[in-house]
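A short worksheet on the structure shown next.
Every read-out reported here was derived from the displayed coordinates using simple, explicitly stated rules and does not represent laboratory data. Quantities reported herein were computed from a predicted structural model and do not represent experimental measurements. No Cβ is skipped: glycine too gets one built from the backbone with ideal geometry, and neighbour counts run over all protein chains shown.
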Amino acid sequence: MSLGFGYRARIGHLYPSGGLCDFEVQRMAPPGVQFVTTRMPFARTSLESDKAVVADVESHAALLATAGVSLIAMNCTAASMAVGAQVINQRIFDATGIRSVTTTDAILAALHAVGAGRVALMTPYPREVVEMEIAFLARHGVEVVCEIADPCSTPIQQGSFPASHWADLARQLDTDNADAMLISCAGIQISDVIEAIERTGKPVITSNQALLWHCLRTLGLADRPTGFGSLLAGNFEKGAYLA
């Protein structure tokens, strides 16, 4: 767990205001990699709220720019799918001149890296958000073959469940026809149980794990932290996947 100064890299972290799990990316990060967090307004879990969370993303990103970050990560899975990663990244760059990535960029890159065209999906989202995500993934060539959700009405509720709650839910998925399991949401505690879930036999992609992996590759950092699943450990990387 890296808690020190970002002497190797400082990453600006845009995170929903009601979320409780912004620590997840930092606890998985290698030494010298620091996430500097600014909050975006988000108090209720809905498709409308997902679209609204980036309404003033320029101002929030500009705050991170004053910390001398070399990359900005907009970390809300549903919001980046609903609004569009390209739109968000362009708005951040226009406001700051700093390159950025979103959780959506990271998830799609991770699914490509593990060769997953079919996924088992687990979320804490209401039905309208689940359906949006399934349609989004389908447009990007990824079929959701099964899914399960425990809908939460607020980000506080999402973050208050222990990791074991989500692990138990994930194990209910029938992954026989899936290439990987996708656990979608940056607002849940999950990093401690990724490897335990992978014992079901399929690689597990989570929002915060994929975001950290994608940030490290984008910055050209070779570290691949272990203990948080096969993706982050670098087990699937080949030359074609390197940023």
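Observations
- The residues on offer are Gly227, Gly234, Gly201, and the sole one that is in contact with a Lys or Arg (Cβ under 6 Å, 6 or more places away or on another chain) and surrounded by fewer than 18 Cβ atoms within 10 Å (Cβ to Cβ) is Gly234.
- Just one residue in the set Asp94, Asp105 is in contact (Cβ under 8 Å) with a residue 12 or more places away in the chain, in contact with a Leu (Cβ under 9 Å, 6 or more places away or on another chain) and of a type in the set (Asp, Glu); that residue is Asp105.
- Of the residues Ala9, Ala82, Ala67, the single one that is small (Gly, Ala, Ser), over 23 Å from Thr154 (Cα atoms) and either surrounded by 15 or more Cβ atoms within 10 Å (Cβ to Cβ) or touching a Leu at 6+ places or on another chain (Cβ under 7 Å) (or both) is Ala9.
- Pair list, Cβ < 6 Å and 6+ apart or interchain, from region 130-151 residues that are in contact (Cβ under 8 Å) with a residue 24 or more places away in the chain to residues that are in a strand (DSSP E or B) and of a type in the set (S, T, N, Q): Ala149/Thr123
- Within region 37-91, being in contact with a strand residue (DSSP E or B) (Cβ under 7 Å, 6 or more places away or on another chain), farther than 22 Å from Trp213 by Cα and not aliphatic (A, V, I, L, M) holds for Phe42, His60.
- Taken over region 147-187, residues that are in contact with a helix residue (DSSP H, G or I) (Cβ under 7 Å, 6 or more places away or on another chain), of a type in the set (Val, Ile, Thr) and closer than 23 Å to Met74 by Cβ amount to 1.
- Residue list for region 160-196, restricted to those being crowded, with 24+ Cβ neighbours inside 10 Å and of a type in the set (Val, Ile, Thr): Ile183, Ile188, Ile190, Ile194
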